[in-house]
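Data block below; observations after.
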Amino acid sequence: MKILIPYDGSRYAKAAVDFVAARAAPGGAQPSVLLLNVQAPALATLTRPQGRMRLANLYKDRANRVLQPALNALRKAGIDAKSTHIVGTPGIRIARVAAAKRVDLIVMGSHGRTALAGMLLGSVTQTVLAFGTTPVLLVRDVPPPRPGALRIGIAVDGSRYGEAAVRFVLQHRAWFGDAAQLTVLHAVPELPLQLKTLLENLASTTFTHEKVRALRKQACDEAMRSALRLLGAAGVDYRTECLAGNPGDALADYARKNLDLLVMGSRGQGAFKAAVLGSVAMRAAARCTTPLLLVRRA
């Protein structure tokens, strides 16, 4: 597995490194990690070769000072780690390096904000998601999950994006841990279900709470069917959990209480759309303090 970690020395970037380091298992399959430091261009315009060389050395020295502690932490964990630096707009550069290096995953620290804030994620994170299609694991400034098998929740909705999330986990089971505890999640939107309940209740005097639960189960079964087929074909053990309420909120709340990692598929949108992510993924990203892996390819 090839992992790219954008690294600027912040506590969020350190949390991303800590997460990857915690996944190292003695004797297990280790990822190869590339640490990337992106620096904004200097304001000064230097035309002479000597001046450009001095500026290049300045960028290099800054990058080395920032990157070395992270390199040491990863190598101490037994992980093959290298580093590089580049000059430019961080989000765009990160997305382009990920594509050029054909990495499997970008792991980056990010602060979440409430759903009413102007930006739900940091500007660099939003730009990476807007300009790239590489799966992105967002890590908050919290202690990493304990070493060993992860408790992973895979949110599905019956679409090919949910299937892509399942396939990603299956493809990289060695990194997640063969003994990872998988839970397939679907959150049933409460308002449409309440409306259907009301209409059927008006049309029938025999409508019961049991029928409401049956409707919710039916919605979950339909949303999970293709994902469960993939997991069954791979011979992987799993459990299911049907949630109710606002899907983004319900997934984030469940993850906070029960999971080490939440995985979601997201269609994404262009850089000039109002939302870089789909509405459910955006809502979950705003509220989720659990590491959140967004799979963009479907």
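Observations on the model:
- Boolean, Arg267 is among the basic types (Lys, Arg), within 18 Å of Gly162 (Cβ to Cβ) and modelled with pLDDT of 95 or more: no
- Test for Asp249: is it buried (at least 18 other Cβ atoms within 10 Å of the Cβ), among the acidic types (Asp, Glu) and at pLDDT below 95: yes
- Filter result for Leu202 (at pLDDT below 70 and either in the same structural domain as Asp249 (by TED's automatic domain parsing) or closer than 28 Å to Tyr161 by Cβ (or both)): yes
The values are calculated or read from the model by the stated rules, or taken from the named source; none is laboratory data. Here the structure is a predicted model, which is why all the values come from computation and not from measurement. Neighbour counts are summed over all protein chains in view; Cβ atoms, including those assigned to glycine, are modelled from backbone coordinates with ideal geometry.
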